[in-house]
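The values are calculated or read from the model by the stated rules, or taken from the named source; none is laboratory data. Every value quoted in this text rests on a predicted model; they were computed, and no experiment measured them. A quick note on method: Cβ atoms are made from the backbone with ideal geometry, for glycine too, and the neighbour counts reach across all protein chains shown.
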Amino acid sequence: MSESKICQNCKAAFTIEPADFRFYERMQVPPPTWCPECRLQRRWAWRNERGLYKRSCDMCKKEIIAMYPADVPFPVYCRDCWYSDQWDPLAYGRDYDLQKPFFVQFKELQEAVPRIALQVSESVNCDYANQIANCKNCYLVWSGSENEDSMFSYRLHKSRRIADSFMILRSENTYQAMDCTDSADVLFSHNCVGGVDLAFCYDIRNSQNCAMSANLRRASHVFRNRQMDKNEYDSERNAMDTGSYRKLREYEREFAEVKRKAIHKFADITQSVNSTGHSISSSKNARNCFNTDKIEDCAYCILLNDTKDAMDVNNGCCVAERVYETSTMGVKASDIKFCVDAWPEVTNATYSDSCRNGARDVFGCISVRKRQYCILNKQYTRDGYEALVPKIIEHMNKMPYTDRQGRVYKYGEFFPPELSPFPYGDTTAQDYFPLSDEEVQARGFRWLPAVRSEHKPDIGAEDLPDHIKDVSDSILEKVVGCAHQGKCSHRCVGAFKIVPEELALYRRMNLPLPRECPNCRHYGRIEKRNPLRLWERQCMCAMEKHGHAGPCANKFQTSYAPDRPETVYCEACYNAEVV
């Protein structure tokens, strides 16, 4: 039966379901003491995607870009040095000490073992990017794979020429788009699939040549949700001058109204069975999951695909199973508990960080590769390893770690936030659980002040030319002051530069220069997305033609909060009206 508990962190009540207890029993872990939201925030405090620093590699001494500043206590190596045979992670190994809490010993190891500068693999000309693989010519792109010629974007896959966009799959030539798939030539559009030449569109499927419209299926030449012939549409569309910043802001305000007045399906769940959450596809038994594909028997997971039997996992992919309380894992990973960056082919890893390339049977290890039976980076025999691990678990329960906030960490808790190698503001946690500097320190997360541009602006955002046609190449030599000037909660850097590829894109797509720095633009997109939580609601449809007398009685769990202005329908009413 279900059990109600009080979160050790936020003190809110949360429920552990029977399916959760069955999973904990299979994984041989105790039930959590933190609620699902606090667990996600804690894990994301260990994932840095966008915080970059100039520094030198501590081995080869060349200048590099890294996700760690120069003053961290541990060495930071460039990719070539970290993967080289010039150092051995086991050289930092140590005996387990039954006189100290486990997390104290892990912190001591943490301060000694070298870390890789960036999570960038098999990529070309992507020096200013992170958490990417198999990419080419990408600049300030975070979390993605197999992309080319893209910039200022998050979570791209198999896409080309993408800019200032968020969660784009198999698409090209998009700007300021979110949650778009198999699309091309898309501007300022959200939740579109199979679209070509779209501008300011929401919830469009398999359509082309549409603008300022919503809820279209297999449509063509639709402007402001009105069907037109080709000549009329072309005339109206060409009259929209997106090259003017002033006019573009008017179009954005109009689009916000188009989106608000559209019919919103309670959840974007497709080809899935017995699943709750948002943006779920081809899945089965996915409970309280977000942005997932091809998962089965998973709960409280986000940004996950091709995974079975997992709970409380974020940022994972490419075949994994039996995973719990882990941030970033995948590529044939299995039996992973309380880990960070466990991939590829990592098996039976517990409380380990950045263990790679077939590491297996590791406990409390950092940066270990291709090794087996290791504890705190020390090699053991199989018998020695299997004898010591149960003793460590028992010791963690008898001598738990207590953080500065008085929160207790026994076996079964993810790493304490105060041990994260990253300042909170650099992590994905800040994106989805934004905190002020004062709140970061009060809640026990690692804190550093936001990094501001070291350059003094040559021109303010308010002084930029209104139209892209009036912008000369001299803008490439200037530092632009961000319109927010740090007076926001977006980790504003204060000033930024326009790069040549960026200017060429604006001219090609007839777009004005941005007035905000890349950080502020990124947070602006996040603020337009639904939160990562669910509410119980009732369908808002009152149309009797949809098969019900009076208001529809269907209830559902949705990421649209009850106080939001959108019209939210159940699947049946949505399909009857839109599809």
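A few comments on the model shown:
- The set of residues in region 1-32 that are assigned to a helix (DSSP H, G or I) and not charged (D, E, K, R) comprises P18, A19, F21, F23, Y24, M27.
- For region 278-295, a residue qualifies if it is among the hydroxyl-bearing types (S, T, Y) and in a strand (DSSP E or B), and the qualifying residues are S279, S281, T292.
- Residue list for region 515-542, filter: touching a Leu at 6+ places or on another chain (Cβ under 9 Å) and either part of a loop (DSSP other than H, G, I, E, B) or over 26 Å from R452 (Cα atoms) (or both): R515, L532
- Among the residues making up region 59-88, a single one is touching a Phe, Trp or Tyr at 6+ places or on another chain (Cβ under 6 Å), in a loop (DSSP other than H, G, I, E, B) and modelled with pLDDT of 95 or more: M59.
- Some residue of region 119-129 being of a type in the set (F, W, Y), in contact (Cβ under 8 Å) with a residue 40 or more places away in the chain and over 25 Å from P390 (Cα atoms): yes
- Of all residue pairs spaced 6 or more apart or on separate chains, those with beta-carbon atoms under 8 Å, a first member in region 525-537 that is under 14 Å from D164 (Cβ atoms) and a second member that is charged (D, E, K, R) and surrounded by 14 or more Cβ atoms within 10 Å (Cβ to Cβ) are R525/D164; I526/D431.
- Matching entry among Y83, Y77, Y68, Y24 (being out of contact with any Leu (no Cβ under 8 Å at 6 or more places or on another chain) and closer than 24 Å to Y154 by Cβ): Y68
- Among the residues making up region 107-130, those that are under 18 Å from C355 (Cβ atoms), in contact with a Lys or Arg (Cβ under 8 Å, 6 or more places away or on another chain) and not β-branched (V, I, T) are E108, L109, A117, L118, S121.
- Note on region 264-277: residues that are under 18 Å from V193 (Cα atoms) and in a strand (DSSP E or B) total 4.
Yes or no, residue by residue, for (1) out of contact with any helix residue (DSSP H, G or I) (no Cβ under 6 Å at 6 or more places or on another chain); (2) at negative phi:
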| residue | (1), (2) |
| --- | --- |
| D312 | no, no |
| C318 | yes, no |
| R322 | yes, no |
| T326 | yes, yes |
| K332 | yes, no |
| K337 | yes, yes |
| V346 | yes, yes |
| A349 | yes, yes |
| S354 | yes, no |
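- Candidates P31, P36, P75 - the one that is touching a Lys or Arg at 6+ places or on another chain (Cβ under 8 Å) and either surrounded by 14 or more Cβ atoms within 10 Å (Cβ to Cβ) or of a type in the set (F, W, Y) (or both): P75
- Checked against (1) more than 26 Å from K261 (Cα to Cα); (2) out of contact with any helix residue (DSSP H, G or I) (no Cβ under 9 Å at 6 or more places or on another chain); (3) surrounded by 16 or more Cβ atoms within 10 Å (Cβ to Cβ), N530 passes all but condition (1).
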